[in-house]
Amino acid sequence: MRCIIEPREMQVWSTQKRCQGKTLALVPTMGYFHEGHLALMRWAREHCDVLMVSLFVNPTQFAPHEDLKAYPRDLPRDAELAREQGVDVLFTPTPESMFSKDHAAWVEAPSLCRGLCAVQRPTHFRGVATVVAKLFLLTSPTLAVFGEKDWQQLAVIRTMARDLNMPVEIIGRPIVREADGLAMSSRNIYLSPEERAQAPFIHQGLQQIRGLTEQGETDANILLAALGEMYQRTMPLAAVEYMSLVDPEQLFPLEEIQGPALLAVAVRFKTARLIDNILIPVEERL
Ligand code: AMP
């Protein structure tokens with residue numbers, strides 16, 4: 001496995017590979033790998049000639065009060081895990097090489113950033129879209145693989161690639177969970193044992209609400225009230241940041257479920273903010 005730090009070197013290398021007619025896959029990450037990241041790499045490994053993984057804790061997607069400094073990092077372990085998945089290039093640029101002090105150009109998709117995580121994190125997706133656009137320009141991927149855990153991020157990136165004619169196929173992959181249902185996240189290590197014991201109820205709550213829709217309930221207010229009640233009862237250590245039923249592609253809020261819907265939540269424990277979601281397909285309600 002080759003490790004590249006310099007953006008320019010990455011760009012030259014990937015451009016050469018693409019000119020040779022190879023298919024290139026990129027898995028963008030912020031590192032501290034868990035099975036969720038590794039599943040994306042394994043899928044990508046089977047669908048390309050050249051597999052690139054970027055590891056970059058992107059400062060522009062963190063607000064000043066957020067956990068940029070504390071974000072978990074372990075490059076030697078990550079490099080070993082990437083090597084084991086058959087990654088060809090691990091790209092680990094420095095923040096200074098990616099964002100100059102007078103950085104001024106940004107990529108935004110405002111219509112997708114009115115709700116969900118964007119309410120509490122208003123500049124987050126601008127940072128994400130911009131860094132992913134830069135990573136695409138540096139790695140020339142044929143396809144890029146993202147997790148559905150960050151559903152809003154995936155929607156923003158799909159829209160960015162479509163609207164800016166980026167020559168890359170965006171692939172979304174399912175959420176990988178712990179045995180008890182908690183969505184894997186690098187931030188799960190922040191949880192105290194007591195918080196960790198309550199955190200699986202995030203997913204259990206989502207499943208129960210999907211169950212209600214299968215029984216015919218379509219009123220978003222009723223469904224969200226039931227979820228809020230369940231969370232209050234099962235997760236006293238958590239504060240719910242949002243619970244939303246939205247259109248899975250455009251992300252606008254739904255009052256009534258009539259087609260496919262996404263139920264998405266963010267829950268804040270003392271030290272960790274966790275997100276999760278579940279798709280409610282149309283067939284579930286027939
Ligand atoms: P991160 O390092 O947290 O920025 O995540 C890098 C990529 O891994 C993103 O596309 C995430 O959506 C994806 N990812 C993170 N956690 C999971 C998970 N539990 N299951 C599937 N994909 C995930």
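Here the stretch 92-102 is the region considered, the condition is being part of a loop (DSSP other than H, G, I, E, B) and without any contact (Cβ under 8 Å) to a residue 40 or more places away in the chain, and the residue that is surrounded by the most Cβ atoms within 10 Å (Cβ to Cβ) is SER100. One residue is enough: does the stretch 2-13 have a residue meeting the conditions within 16 Å of the ligand (Cβ to nearest atom) and either in a helix (DSSP H, G or I) or in the same structural domain as PRO141 (by TED's automatic domain parsing) (or both)? No, the stretch 2-13 has no match at all. Taken over the stretch 194-217, residues that are assigned to a helix (DSSP H, G or I), away from the ligand (no atom under 13 Å from the Cβ) and more than 19 Å from TYR71 (Cα to Cα) amount to 15. Of all residues in the stretch 44-58, which are in a loop (DSSP other than H, G, I, E, B) and more than 11 Å from the ligand (Cβ to nearest atom)? Matches in the stretch 44-58: GLU46, HIS47, CYS48, ASP49. Considering the stretch 144-171, the residues that are under 17 Å from LEU263 (Cα atoms) and among the small types (Gly, Ala, Ser) include one that is farthest from the ligand (Cβ to nearest atom), namely ALA155. Exactly one residue among GLN232, GLN258 is polar (S, T, N, Q), touching a residue at least 12 places away in the same chain (Cβ under 8 Å) and surrounded by fewer than 15 Cβ atoms within 10 Å (Cβ to Cβ), and that residue is GLN258. Of everything listed in (1) surrounded by fewer than 20 Cβ atoms within 10 Å (Cβ to Cβ); (2) touching a residue at least 40 places away in the same chain (Cβ under 8 Å); (3) not in a strand (DSSP E or B), the single unmet condition for TYR242 is (3). Does the stretch 73-82 contain any residue that is assigned by TED's automatic domain parsing to the domain that holds ASP150, over 22 Å from GLY127 (Cβ atoms) and touching a strand residue (DSSP E or B) at 6+ places or on another chain (Cβ under 7 Å)? Yes, because at least one residue in the stretch 73-82 is assigned by TED's automatic domain parsing to the domain that holds ASP150, over 22 Å from GLY127 (Cβ atoms) and touching a strand residue (DSSP E or B) at 6+ places or on another chain (Cβ under 7 Å).
Filtering the stretch 115-154 down to residues that are within 13 Å of LEU251 (Cα to Cα) and either among the small types (Gly, Ala, Ser) or free of Cβ contacts under 8 Å to residues at least 12 places away in the same chain (or both), which residue is surrounded by the fewest Cβ atoms within 10 Å (Cβ to Cβ)? Top of the filtered list is GLY115. Summed over the stretch 11-52, the residues that are closer than 19 Å to LEU143 by Cα and in contact with a Ser or Thr (Cβ under 6 Å, 6 or more places away or on another chain) give a count of 11.
Okay, residues lined up against (1) touching a residue at least 40 places away in the same chain (Cβ under 8 Å); (2) within 14 Å of the ligand (Cβ to nearest atom); (3) part of a helix (DSSP H, G or I):
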{"site": "VAL27", "(1), (2), (3)": "yes, yes, no"}
{"site": "GLY36", "(1), (2), (3)": "yes, yes, yes"}
{"site": "ARG42", "(1), (2), (3)": "yes, yes, yes"}
{"site": "THR60", "(1), (2), (3)": "yes, yes, yes"}
{"site": "LEU68", "(1), (2), (3)": "no, yes, no"}
{"site": "GLU80", "(1), (2), (3)": "no, no, yes"}
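When you check LYS134 against the structure, is it modelled with pLDDT of 95 or more, within 19 Å of the chain's Cα centre (by Cα), more than 20 Å from ALA264 (Cβ to Cβ) and part of a helix (DSSP H, G or I), yes or no? Judged against the criteria, LYS134 is a match.
The values are calculated or read from the model by the stated rules, or taken from the named source; none is laboratory data. Quick caveat, the model's predicted, so the values are computed rather than measured. Here the Cβ is made from the backbone with ideal geometry for all residues, glycine too, and neighbour counts use every protein chain on show.
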